[in-house]
Amino acid sequence: MSAIEITEVSIPETLDSPEAEEFLALVELRNAVNRHDSGSDDNVYTAAELLPGWQKTAFEPKRLFAARLDGRLVGRGIYETRTEEAADTAWMHVEVLPDARGHGVGEALARHLEAAALAEGRTRAIVYAPSWKTGGIRIPAPTGFGSVPAGTPEVRLLQSLGYRLEQVERGSRLPLPAAGVDALLRTAQEAAGPDYRVHTWAGPTPPEWREDIAHLLTRMSTDAPTAGLEEPEDPWTVERLLEDEALEASSPRRPVVAAVEHIPSGRLVGFTEFTVPAEPDRTVAQEDTIVLREHRGRRLGLLLKAANLVWLEEVSPGHPAIITYNAEENRHMLAVNEALGFVPFVYEGAWRKDLSA
């Protein structure tokens, strides 16, 4: 019988330190899994791009685990938590090299992560698992939007461990340069009317908008549809925003942001963000997009996304594509994406398990 060993990996302060060796190896493993499963480099990141996210321990604690099969490094597990209102929840993710699958490594990692959650008093586990298979028998999401394939290894494992499917997310890809964006931007500007003005920046948030961006980031956790996951509120403050941006400043990726101001109130009521790799031949990641509920119905989502596409071509042209993820029941945002030319490339199951000792 094969021997499986799971150990926790220390997060290095710098990538050139001796203790960074295992972290670097797990970044390579992550990228190998993503390349194999997706057939592309769209979701491949460098260690320098990923390290800042692991160093955000004050507000987004993470733990990293390595799995070895007969002494060979073959898998990794991610255990992520929050503080305050979200203290009952743990987010988990497992990746195993293709040639090491079928030996129980994924299950061993999953059980190890659950044990860590129970030891910390967490009562809810959430897993986002991509399902690359298309066609065949499907398991519908209880939201009525989207499905995942039945009988695939990731679905069988999650069901055997007692997880239940709550939501399906769509991964979409937009080839660049996008066609017809200028016309869509004009249409959205006309629909929004004179009470709304777009601001753009690349890099840290301008000081005058920090409080508004912190508020919008908090609302991301309460306004976005989470179905039966019941994702908890994730509060942001200016202090947290500054810490986050200080850590991300060491990453070679750069945020490219469009935000919309409600002129009568002088407050930002929506924003959208890309994170852009330094190399022009690599894919851009679409991060958060939100328009406050009380300002919806004015095509501000389209306004923001179209404006940021135009801004991206000004500050960092030449990238091949953008990828983004949205809940299947978020039909408004999906309609915006489709109008811009995004097409689906993967569906993720969002699974929940209520933990008990």
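In the stretch 330-337, the condition of being within 20 Å of the chain's Cα centre (by Cα) and closer than 30 Å to Ser160 by Cβ is met by at least one residue.
In this entry, Ile4 passes the filter for residues that are open to solvent by 20 Å² or more (accessible area, probe 1.4 Å), of a type in the set (Val, Ile, Thr) and more than 22 Å from Leu229 (Cβ to Cβ).
Any residue at all in the stretch 138-148 that's modelled with pLDDT of 95 or more, among the charged types (D, E, K, R) and not in a helix (DSSP H, G or I)? Within the stretch 138-148 (the criterion being modelled with pLDDT of 95 or more, among the charged types (D, E, K, R) and not in a helix (DSSP H, G or I)), the answer is yes, since at least one residue qualifies. Could you please find all residues in the stretch 189-214 being surrounded by fewer than 17 Cβ atoms within 10 Å (Cβ to Cβ) and either assigned to a helix (DSSP H, G or I) or among the charged types (D, E, K, R) (or both)? Scanning the stretch 189-214 gives Glu190, Ala191, Asp195, Arg197, Pro207, Glu208, Glu211. For Ala227, state whether it is touching a strand residue (DSSP E or B) at 6+ places or on another chain (Cβ under 9 Å) and within 25 Å of Tyr128 (Cα to Cα). Yes, satisfied.
Please specify each residue of the stretch 139-150 satisfying the condition of being free of Cβ contacts under 8 Å to residues at least 24 places away in the same chain and either buried (at least 17 other Cβ atoms within 10 Å of the Cβ) or closer than 26 Å to Ser356 by Cα (or both).
Narrowing the stretch 139-150 to residues free of Cβ contacts under 8 Å to residues at least 24 places away in the same chain: 140, 149-150.
Matches in the stretch 139-150: Pro149 only.
Each row is one residue, and each column tells you yes or no for (1) over 20 Å from Leu157 (Cα atoms); (2) out of contact with any strand residue (DSSP E or B) (no Cβ under 7 Å at 6 or more places or on another chain).
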site: Val9; (1), (2): yes, no
site: Tyr45; (1), (2): yes, yes
site: Pro52; (1), (2): yes, yes
site: Phe65; (1), (2): no, no
site: Thr83; (1), (2): yes, yes
site: Trp91; (1), (2): no, no
site: Leu97; (1), (2): no, no
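Residue under question is Ser221, and the condition is that it be under 19 Å from the mean Cα position of the chain (by Cα), among the polar types (S, T, N, Q) and not in a helix (DSSP H, G or I); does it hold? Answer is no for this residue. Every condition in (1) assigned to a helix (DSSP H, G or I); (2) crowded, with 16+ Cβ neighbours inside 10 Å; (3) among the basic types (Lys, Arg) holds for Arg186 except the one numbered (2). Suppose we keep only residues that are open to solvent by 60 Å² or more (accessible area, probe 1.4 Å) and touching a strand residue (DSSP E or B) at 6+ places or on another chain (Cβ under 8 Å) within the stretch 154-183. Which one would you say is nearest to Ala110 (Cα to Cα)? For the stretch 154-183, the residue satisfying everything is Arg164. Taking residues in the stretch 30-44 that are more than 17 Å from Asp281 (Cα to Cα), and partners anywhere that are surrounded by 16 or more Cβ atoms within 10 Å (Cβ to Cβ) and charged (D, E, K, R), the pairs with Cβ atoms closer than 7 Å and at least 6 places apart or on different chains are Arg30/Arg76; Arg30/Glu95; Val33/Glu95.
The values are calculated or read from the model by the stated rules, or taken from the named source; none is laboratory data. Note that this is a predicted model, so its numbers are computed, not measured. All Cβ positions, even for glycine, are placed from backbone atoms using ideal geometry, and neighbour counts span all protein chains on display. Surface accessibility is based on the protein's heavy atoms, side chains included, excluding ligands, DNA and RNA. Shrake-Rupley method; radii C 1.70, N 1.55, O 1.52, S 1.80 Å.
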